[in-house]
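A short reminder: the numbers here are calculations on the coordinates, not readings from a lab. All figures in this text were calculated on a predicted structure; none of them were measured in a lab. In this analysis, Cβ positions are derived from the backbone assuming ideal geometry, glycine residues included, and neighbour counts consider all displayed protein chains.
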Amino acid sequence: MMTTPSLGWQRPFVIAALACAAGVSPPVAAEQRLVPAQSEIAFTSRQMGVSVQGRFRIFEAQIVFDPQQPEAGRIALRVDLASAAIGTAETEAELAKPGWFDTRRYPQATFTSATVRPAGPGRFEVIGKLTLKGSSRDLVVPVALQRAGELTLASGSFPIRRLDFRIGDGDWSDPSLVADEVLVRFKLALTGVAGP
């Protein structure tokens, strides 16, 4: 289990609670939750021209989102970097080292939205900041929503440049050995979010 989030991490929910106390209806229901067992965050890189697939086993999200009022949405995501799974225990141990994720000093990556804007039927762009290994970059994340029974699935993909975050320092900084671009893919299964 991950540690209890700080007040800053819970800020969207604090705002909703204060709105209720003031007699103002919050924009969405409070029961919005991530269903980890049906969610995924994965990544694809290339090492010496060969595709390398990986995923994160532990992550959490806090969502305050109404597709009818996307601009009022708030999304915060936190990923346990030590949970990276990439095929072998030896490779995963290497990823934890200072030249890669340096999980002892930087155990988590976070994404926090600044705004959400519509991008077509059932589609949105989440604009926010990704913080990884002590560096932060602005990011625009395309998200598609679809219903799956009682759940809403939020999915999409986006590229990042690993060297912007000092991932693969030293000998591995040569992009001919490990490509600079990494494709991140996600599928977040959510409860309490209205369908598009």
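If R0 is 45 Å, the Cβ-Cβ spacing of Leu163 and Arg33 corresponds to a FRET efficiency of close to 0.80. Length available on full extension from Glu90 to Arg123: 0.36 nm per residue minus the Cα-Cα distance, which gives 8.0 nm.
Give me the net charge for the shell around Glu60: Cβ to Cβ below 9 angstrom, other residues only, Lys and Arg +1, Asp and Glu -1.
Values: positive: Arg78; negative: Asp80.
Once positives and negatives cancel, what remains is 0.
For the pair Ala148 and Val50, label points projected 7 Å from Cα toward Cβ lie 3.1 nm apart. A full extension of the chain between Thr115 and Arg137 corresponds to an added length of 6.4 nm, given 0.36 nm per residue minus the alpha carbon distance.
Spatial offset of the stretch 53-92 relative to the stretch 30-49 amounts to 6 Å, using the alpha carbon center of each.
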